[in-house]
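Notes for the one structure printed next.
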Amino acid sequence: MADIKVPFFDWAGLFNERRDDFSRIMIETAARGGFILQRDVEEFEQNLAEFIGVKHVIGCSDGTNAILLGLRASGVKAGDEIIVPSHSFIAAIQSIHFAGAKPVPVELAEHDWLVDPAAIEAAITPRTTAIMPVHVNGRVCQMEKIMEIAERHNLAVYEDSAQAAGARLNGIGAGCWGQWGTYSFYPSKTLGCFGDAGALVTNDDAIAETVRAMRNHGANSEKSIPLDVAVWGTNCRLDNIHAAILNYKLTYYAEAIARRREIAALYDAAFCDIGPLRLPPAPAETPNFDIYQNYELCVESREQRDALRNYLSENNVGTIIQWGGFGIHQLRGLGFTQDCPITDRFFQTSLLLPMNHILTEAQVDHVISSVRQFFAMV
Ligand SMILES: *Cc1c(COP(=O)(O)O)cnc(C)c1O
């Protein structure tokens, strides 16, 4: 057992799992000059749209800028307030800021560790124009409640679904509930590419058309040089070689998700009797179909979390504290003044275990026995 290593994320493994196929695809695509907006981007967009069950997919350079384009296409403007969960990555609030608006972070709910609909409603002011739920760890937020709140207060809903491509709630995909949603294909994401990549998804034809133009300098036709320009755009294109890789990865993405869910079920069965642990919901088909971008659990105290982390590290099991253990509201240097005590407590006691479809049985067993050994000692 002692020689088994479980890095938190095996970066090289991402390529080496199907090295020959990836090499062939990259060489074939490059050899025909397929670098910018060639057929691979279009094919990937169509195939992903079908996989998710959404009308439009627009490949973008990364998830952060996909959010920015979505906000610009939706007409977000200076003075607008957009409510976001504090338990989230900095990307969404940066894009909100760059679009000229003000992000307003709110608490997570105790039972699912996702944004609390009641906290959203309490944060609404006359300046609020939108809600941006973040489907953290590959689980869709309580969207029925959030959509109801949005409707009652006449607010738009934009979804940061960077961690949730393929997750569903009552059959509806992450990113498909509001006006638009975004995905990230950053290497360590569930559908990870070999560099930065992302997409915006929407069922709204007008948003799709605007974002499609915006990602390519505002060009009305993707083939034309950008002289026929009706909107302000930028360069936010999905690289064509990345699209070719992603298009291939999509052919076994359902399998990769199934493997993540299998590992989550193994963790759940092995840890559910450990008193000090609080586990994420076990995999189910409905209402939530989770894809386990991460397996995040909580212990009783910060001291216990740090001791567990050290013990796992000594046993060659890599772990991570998501976003360095800081919620958005704690970024005081960016001007936030909100207090979110539930989120604070969550970040003090939470930890991510290794979770990836390329983990072997022996690696999963090693994570499980190491965690169990730690709690047998305390
Ligand atoms: C990864 C991530 C992003 C950013 O995606 P990039 O492709 O890295 O720009 C945004 N939001 C969340 C919640 C993420 O996890």
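The values are calculated or read from the model by the stated rules, or taken from the named source; none is laboratory data. Model, not experiment: these values are computed from the prediction. Using ideal geometry, Cβ is built from the backbone for each residue, glycine included, and neighbour counts are taken over all protein chains shown. Side chains are part of the model used for accessible areas, which takes the heavy atoms of the whole protein and leaves out ligands, DNA and RNA. Shrake-Rupley method; radii C 1.70, N 1.55, O 1.52, S 1.80 Å.
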Q. Is segment 130-232 best put as rounded, prolate or oblate by its Cα gyration tensor, with a ≥ b ≥ c the root eigenvalues, rounded for a/c under 1.5, and otherwise prolate when a/b is larger than b/c, oblate when not?
A. oblate
Q: Starting from the Cα of LYS5, step 7 Å toward the Cβ, then list every residue of segment 292-335 with an amide N under 15 Å from that point.
A: 313-319
Q | Extension gain (nm, one decimal) between ASP268 and GLU285, 0.36 nm per residue minus Cα-Cα | A | 4.6 nm
Q: Taking the dipole about the Cα centre of segment 1-84, with the C-beta of Lys and Arg at +1 and of Asp and Glu at -1, give me whichever of ALA73, GLY59, ALA12 is farthest to the positive side.
A: ALA73
Q) Once the Cα gyration tensor of segment 252-295 is diagonalised, what are the square roots of 5 times its eigenvalues, in whole Å and ordered largest first, as equivalent ellipsoid semi-axes? A) 20, 11, 8
Q.
Need the C-alpha centroid separation for segment 274-325 versus segment 71-89, integer Å.
A. 29 Å
**Q.** Förster-model FRET efficiency, 56 Å R0, GLU28 and GLU148, C-beta, rounded to 0.05
**A.** 0.70
Q. For segment 152-191 and segment 104-135, what is the separation of their Cα centres, given in Å?
A. 15 Å
Q | Virtual spin-label span in nm between LEU331 and ASP365, 7 Å along Cα→Cβ | A | 4.3 nm
(Q) Can you compute the charge dipole magnitude of the chain about its Cα centre, using +1 on each Lys and Arg Cβ and -1 on each Asp and Glu Cβ, nothing else charged? Give it in debye, rounded to the nearest 20. (A) 600 debye
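Once you wrap a convex hull around the alpha carbon atoms of the chain, what is its projected area averaged over all directions, in nm²?
Value for the chain: 18.8 nm².
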(Q) Just to be sure I follow: if Rg is taken over the C-alpha atoms of segment 139-298 and Rh is the Kirkwood radius over the same atoms, what is Rg/Rh? (A) 1.05
Q) Which lysines have a Cα less than 22 Å from the Cα of LYS77, not counting those fewer than 8 places away in the same chain? A) LYS102
Q.
At 1.4 Å probe radius, can you tell me the per residue accessible area of the chain in Å²?
A. 42 Å²
Q: Quick one: compute the contact order of the chain, relative version, from alpha carbon pairs under 8 angstrom and 6+ residues apart, as a percent.
A: 21 percent
Q. Using 0.36 nm per residue, how much length does the chain from ASP21 to ASN47 gain when fully extended, once their Cα-Cα distance is taken away?
A. 7.5 nm
Q: Can you tell me how much longer the chain between TRP323 and ASP306 gets when fully stretched, taken as 0.36 nm per residue apart minus their C-alpha distance, in nm with one decimal?
A: 4.6 nm
Q) If we count every other residue with Cβ under 12 angstrom of ILE172's Cβ, Lys/Arg +1 and Asp/Glu -1, where does the sum land? A) -1
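How much of the accessible area of segment 125-253, probe 1.4 Å, is carbon plus sulfur, in whole percent?
52 percent
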